[in-house]
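Remarks on the structure that follows.
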Amino acid sequence: MPLIDIKGVSKRFGGLTAVSGVDLSIDEGEIHCLIGPNGAGKSTLFKLIVGVYQPTVGSILFSNTDITGERSYARVQRGMSIKMQAPSVFKELPVRQNLDVALQQKQSGNDLTVERERLLQLLDLADDADKPAGALAHGQQQWLEIGMALALRPRLLLLDEPTAGMSPEETHRTGELIKSLNRDGMTVIVVEHDMAFVRQIAQRVTVLHLGRIFADGTLEHVVNDPRVAEIYLGKAHHG
Ligand code: ADP
Ligand code: MG
């Protein structure tokens with residue numbers, strides 16, 4: 001059963017069509033990677049899914065319910081959570097308090113404390129819990145943001161370039177974390193450039209190019225498509 005079903009969605013910004021006629025359905029329990037050159041519309045599609053933007057045309061269903069007109073807040077209540085591409089931790093606040101801000105949307109008191117300490121362990125941030133978030137290494141800030149997204153206990157987790165700025169070892173650990181969340185039932189959609197990372201986690205891959213779905217299938221299928229190699233070299237025909 002599709003958890004998220006995107007039907008004929010386009011998003012125009014003035015004269016620019018950032019997302020164009022996208023049909024994409026993602027099953028519950030999947031790890032789905034979204035790849036494509038810069039400016040392909042990946043982040044815009046994520047923002048359409050979470051309700052930061054409204055589509056110019058088309059509709060979006062979550063668990064068979066049409067959520068097209070719903071605000072982000074309502075979608076979070078339904079079980080969606082996103083780590084955006086641009087960093088959004090509160091740099092002045094301690095790591096622990098950053099998590100609390102997110103956790104407060106779902107719980108309080110002792111439950112909150114227990115969950116916060118669990119997340120600090122899961123993200124390997126326990127030793128840095130009292131540091132201001134801005135003092136963390138870049139990779140750790142990304143983990144903290146993933147933790148803030150997890151604090152909302154999502155059914156669907158969207159991660160926009162989660163490994164940017166991470167070492168290969170940190171990237172690999174992020175992949176293992178995503179796989180373990182998925183084993184526990186979470187559906188995860190990831191925008192990513194690092195193909196080793198995509199290979200590590202992806203069950204299915206969608207290639208976006210000039211706002212449109214360009215290719216879709218297993219990673220093997222997609223990387224063996226010569227048209228896909230061409231768009232990364234900038235040789236594909238536009239339009
Ligand atoms: P990607 O994440 O694949 O790199 P984006 O979704 O960020 O691509 O951007 C797709 C296109 O839409 C780009 O040409 C970008 O400049 C444009 N764009 C994105 N957001 C806005 C916006 N808020 N206003 C105008 N243009 C935008
Ligand atoms: Mg982007």
Accessible surface of the chain [probe 1.4 Å, protein heavy atoms]: carbon and sulfur percent: 51 percent
Principal-axis tilt of helix 138-150 within the chain, Cα atoms, nearest 10 degrees: 90 degrees
Calculated on alpha-carbon atoms, Rg and Dmax of region 112-239 in Å: 16.9, 54
Candidates Leu125, Leu156, Leu45, ranked by Gaussian network fluctuation over the chain, Cα under 10 Å, top entry: Leu125
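Can you give the convex hull volume per residue for the Cα atoms of region 35-152, as a whole number of Å³?
129 Å³
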Cα pair count fraction exceeding 15 Å, expressed as % - region 90-153: 39 percent
Fraction of beta bridges assigned by DSSP in the chain that are antiparallel (%, nearest 5): 55 percent
Distant-in-sequence amide H partners of Arg204 (H built 1.01 Å from N, under 5 Å): Ile31, Cys33
Gain in span if fully extended, Arg227 to Gln77, counting 0.36 nm per residue against the direct Cα distance: 50.0 nm
GluC sites (Glu not before Pro) within region 143-239: DSSP coil, no more than 13 neighbouring Cβ in 10 Å: none
Nearest-10 value in Å² for the accessible area of Leu210, using the 1.4 Å probe: 80 Å²
Calculated [θ] (222 nm, deg cm²/dmol) that DSSP helices of n ≥ 4 give over the chain, each run adding -39,500 (n - 2.57): -10500 deg cm²/dmol
Extension reserve of the Gln107-Glu28 stretch, reckoned as 0.36 nm per residue once the Cα distance is removed: 25.9 nm
The chain - percent relative contact order, Cα under 8 Å, separation 6 or more: 26 percent
Rounded accessible area per residue of the chain, 1.4 Å, Å²: 46 Å²
Kirkwood-based shape ratio for the chain, expressed as Rg/Rh from alpha carbons: 0.97
Arg183 versus Ala196: modelled label distance in nm, points set 7 Å from Cα along the beta carbon direction: 2.2 nm
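Among the listed pairs Lys83/Lys131; Lys11/Lys42; Lys7/Lys179; Lys11/Lys91; Lys11/Lys83; Lys42/Lys91, which have their C-alpha atoms separated by more than 23 angstrom in this model?
Correct reply: Lys7/Lys179; Lys11/Lys91; Lys42/Lys91.
The values are calculated or read from the model by the stated rules, or taken from the named source; none is laboratory data. Values in this document were obtained by computation on a predicted structure and should not be read as measured data. Positions of Cβ are generated from backbone atoms using ideal geometry, with glycine treated the same way; all protein chains shown enter the neighbour counts. What goes into the accessible areas is simple: the full protein's heavy atoms, side chains included, and nothing from ligands, DNA or RNA. Shrake-Rupley method; radii C 1.70, N 1.55, O 1.52, S 1.80 Å.
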